[in-house]
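> If you scroll down you'll find the structure; I have some questions about it.
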Amino acid sequence: MAVTKDGFDGRTYLFIRTNPSDTGMEPLPAGLPGWISPDIAILHPDGTRNGEANAGIEQKVEVYVNNLGGITATDAYVEVFVCNPSTVITPATATLIGSAFITVPGYGRESVQLSWIPQESEAGHRCLIARVCLPVPPDTFLDGSVFDVYGDRHVAQRNINIVKLNGESSKSFMFTIANPGKESGRFSISANWKKVAANDVPVQRAIGCGLVKFASVPLGEVTVRLQPGRQQPLPTTTPITGSLLGSGTATVSLNPQETAQASVNISVNPNAVPGELHLLEVSQWDLLQRKVIGGIWWVIQA
């Protein structure tokens, strides 16, 4: 991404992209998934970059920080966290990987790499959070007790999981949902198969793979389940508009900072072409505020 001058000559303007189309605007424009940061990646010893962690091997988490301001951000502080697959990540559910200082020139960008040796429990595709703060002059996140990915340009998330069906006719994926707010809330968990056009470069970049064949027919039945006793009837009105093939929805009430386990089950469309990729998007909606507050992508190879 080329960072361009945007009228902030006498200040810094730091941000970590949380979507390939992110320009640092606060909040992130509606309709853009806020969990596919192209500025966060795992750097492997062979030089490859993706979102997959290998247990017991030293690798690095690479984070790019952008500065649209005209002055240098000296000694900005970058932190990186990891957690299990989750639609919403909170500091309480995340583990700090590491932190470092970074200097980002005006109208430029710079990267930092943090060493990480994942444990066996952390193997596979992880959910990563990165945030940046600059004490002087002040250019930092507003609330350190939450990860406000959508509302705060200093915080970004990479939340992509990739699996192979290996001939299975169905598959279930576990993930965590959370209420990041300070009041009780009611949430809708929506899982939808997304059709990816061959020329949809932003999505291909977010996934980390280009020139691949995405399916033109949807997955089969998609069902969202919550842990026993948590699933509730859908409200009579819901902010989820439109209807997509291969979709499922469930709702739940959560206390402040409470988490719950959920799963999405998919069955394979018999017309699916072996080897093609499917994109399944799971979103968490805040039914009171009528907006998406988090999500996760699963890229599924039939």
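> Given (1) touching an Asp or Glu at 6+ places or on another chain (Cβ under 7 Å); (2) surrounded by 14 or more Cβ atoms within 10 Å (Cβ to Cβ); (3) closer than 23 Å to Glu258 by Cβ, where does Pro91 come up short, assuming only one miss?
(1)
> Which numbered condition trips up Ala197, out of (1) open to solvent by 60 Å² or more (accessible area, probe 1.4 Å); (2) modelled with pLDDT of 70 or more; (3) out of contact with any Asp or Glu (no Cβ under 7 Å at 6 or more places or on another chain)?
Here Ala197 meets the rest and fails (1).
> Residues in segment 38-52: is at least one crowded, with 16+ Cβ neighbours inside 10 Å and over 21 Å from the mean Cα position of the chain (by Cα)?
No, segment 38-52 has no match at all.
> Quick check on segment 120-143: of everything there that is hydrophobic (A, V, I, L, M, F, W, C) and open to solvent by 40 Å² or more (accessible area, probe 1.4 Å), which residue is farthest from Pro85 (Cα to Cα)?
Per the stated criteria, the residue is Val136.
> Checking Asn84 against (1) free of Cβ contacts under 8 Å to residues at least 60 places away in the same chain; (2) open to solvent by 60 Å² or more (accessible area, probe 1.4 Å): exactly one of these is not met. Which one?
Result: Asn84 passes all but (1).
> Picking from Asp148, Asp75, which residue would you name as being open to solvent by 50 Å² or more (accessible area, probe 1.4 Å), touching a residue at least 40 places away in the same chain (Cβ under 8 Å) and not β-branched (Val, Ile, Thr)?
The unique qualifying residue is Asp75.
> Would you check which residues across segment 107-119 are small (Gly, Ala, Ser) and crowded, with 20+ Cβ neighbours inside 10 Å and list them?
Hits for segment 107-119: nothing passes.
> When segment 154-171 is examined, which residues are found to be more than 14 Å from the chain's Cα centre (by Cα) and either surrounded by 15 or more Cβ atoms within 10 Å (Cβ to Cβ) or of a type outside the set (Lys, Arg) (or both)?
His154, Val163, Leu165, Asn166, Gly167, Glu168, Ser169, Ser170, Lys171
> Moving to a separate point now. Can you tell me which condition Leu245 does not meet? The list is (1) within 24 Å of Pro218 (Cα to Cα); (2) out of contact with any Pro (no Cβ under 7 Å at 6 or more places or on another chain); (3) modelled with pLDDT under 85; (4) not polar (S, T, N, Q), and all the others hold.
Answer for Leu245: the failing condition is (2).
> In segment 268-287, how many residues are farther than 18 Å from Ser190 by Cβ and in a strand (DSSP E or B)?
1
> Tell me which residues, restricted to segment 5-22, are in a loop (DSSP other than H, G, I, E, B) and out of contact with any Ser or Thr (no Cβ under 9 Å at 6 or more places or on another chain).
Lys5, Gly7, Asp9, Gly10, Arg11, Tyr13, Ser21
The values are calculated or read from the model by the stated rules, or taken from the named source; none is laboratory data. Everything numeric in this text was worked out from a predicted model, so none of it was measured. Backbone-built Cβ (ideal geometry, glycine too); neighbour counts: all protein chains shown. Heavy atoms of the whole protein, side chains included, go into the accessibility calculation; ligands, DNA and RNA do not. Shrake-Rupley method; radii C 1.70, N 1.55, O 1.52, S 1.80 Å.
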